[in-house]
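All remarks here apply to the structure that follows.
The values are calculated or read from the model by the stated rules, or taken from the named source; none is laboratory data. In this text, all values refer to a predicted model and were calculated from it rather than measured experimentally. Glycine also receives a Cβ, built like all others from the backbone with ideal geometry; neighbour counts cover every protein chain displayed. Heads up: the accessible areas ignore ligands, DNA and RNA and are worked out on the full protein's heavy atoms, side chains in. Shrake-Rupley method; radii C 1.70, N 1.55, O 1.52, S 1.80 Å.
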Amino acid sequence: MSSTDIKKDKLVKFEYNSGGVFLQDSILGFDTQKSGVLSFLSEASFLTHDNSITKFITTEENVKLLSLKKRVFTPLTCQYNRPFSIGTLKMELLPSGSSLGGASLYIEHNKNRILYAPYICTQKFSTLRQFQLKKASTLVLGAFLSDEGIKSNRKKEKDRLVEKVKSYLNEDIYPVIVCRQTPIAQEVVHLLSTHSIPVATHSSIHAINKVYESFGSNIGSYSLYSKYTKNKVIILPFNTHKPYPQDRPLLTIKDNCDTTLTYDESCFYLNAYCNIKEIKEIITTVSPREVYIIGPYTKRYCQELSEEDISIYPLYPNGQESLF
């Protein structure tokens, strides 16, 4: 059989529409907001609509994080590495390494082995359980980094952040850091704590930190931020309703480089998911026959992976090709 024939003969078919990604010929969706379906939830932050789905599969950690938002759900809670079945589907949750409770999903369906892992991170963090993989014939991965994001080095960015904060502290100035509530905020708290830098966190981040700690994660030392906080670096989430102290310098941590903006030394990039090099390593480990790519940079990643000796398929919402 020629490689052209192989590309035409997909082992598994997915439907990707405004409601999310669905495995055809099954009851299963992935990170979907559509009501009335059974959906796997990779991370707690992905469930954005109140009571939008009737039942979802996720980890106990994600359920605990969702409870902070005072939501009422009926999840099917599963532990990592504990295989279970629903109808003809055999499944297992694996740590994705991207956040507390973050998971990838291994599925056996119609004699096919599928690994849904678009939100995986292969970096090792002291605050998170390390990622795991399983061999599969079909692999779903994510494309979330621009060209500049792909080139960025997390260790260098963290070193640069520490140096920047210390330079302010030497002048008795305590900056404000704005970042994602999870997992970046916990990583930054731990990073600054290891350098004995005093930290205060926004109430939402503080509550998430407590959930991390309840599951054994070492966040480090921090306190709860209030308007009376002094002599501490303040960590706030994006889109906070409370304005940050205007008399302090602002540092921003983003997941990805914005190529439309000029270089800004007060902006730092700590990608939450894999770059293209790490994705190639995942493909080598999983040894799939076909790979599906999902995310804002799907087109670019498919081009990067086109030389791999496997079938590469883009997954676009409603079949609309991405710009990148």
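Shape class of the chain from the Cα gyration tensor (axes a ≥ b ≥ c, square roots of the eigenvalues): prolate, since a/c reaches 1.5 or more and a/b is larger than b/c. Dipole size of segment 55-139 about its Cα centre, with +1 on Lys/Arg Cβ and -1 on Asp/Glu Cβ: approximately 60 debye, rounded to the nearest 20.
Sequence-ordered 3J(HN,Hα) estimates for segment 113-122 from the Karplus curve with 6.51, -1.76 and 1.60 and θ = phi - 60° stand at 10, 10, 10, 8, 9, x, 10, 9, 9, 8 Hz, glycine and proline given as x.
The count of lysine pairs in segment 59-186 with alpha-carbon distances below 25 Å, taking only pairs 8 or more places apart or on different chains, stands at 21.
Express as a percent, rounded to the nearest 5, the fraction of DSSP beta bridges in the chain (both residues included) that run antiparallel. Roughly 35 percent of the beta bridges in the chain run antiparallel, per DSSP. Across segment 204-212, coupling constants 3J(HN,Hα) worked out from phi with the 6.51/-1.76/1.60 Karplus curve, θ = phi - 60°, read 5, 5, 4, 5, 5, 4, 5, 5, 3 Hz, and Gly and Pro carry x. Modelled label positions at Asp25 and Asn170, each set 7 Å beyond Cα in the direction of Cβ, lie 6.5 nm from each other.
Counting only protein heavy atoms and a probe of 1.4 Å, the accessible surface of the chain is 49% carbon and sulfur. With all protein chains kept in place, the per residue accessible area of the chain amounts to 49 square angstrom at a probe of 1.4 angstrom.
Any idea how far apart Thr194 and Lys55 come out in nm if each label point goes 7 Å out from Cα toward Cβ? Rounded to a tenth, the inter-label distance reads 4.3 nm.
Between Ser18 and Ser221, the distance separating the two model label sites (each 7 Å from Cα on the Cα→Cβ line) works out to 5.2 nm. Placing +1 on the Cβ of every Lys and Arg and -1 on the Cβ of every Asp and Glu, with nothing else charged, gives the chain a dipole about its Cα centre of roughly 760 debye. Bridging of Lys227 to aspartates and glutamates at a Cα separation below 17 Å is possible for Asp247, once same-chain residues fewer than 8 apart are set aside. A dipole drawn for segment 143-257 from +1 and -1 charges on Cβ atoms has a positive end, and of Ala200, Val176, Val162 the residue lying farthest that way is Ala200.
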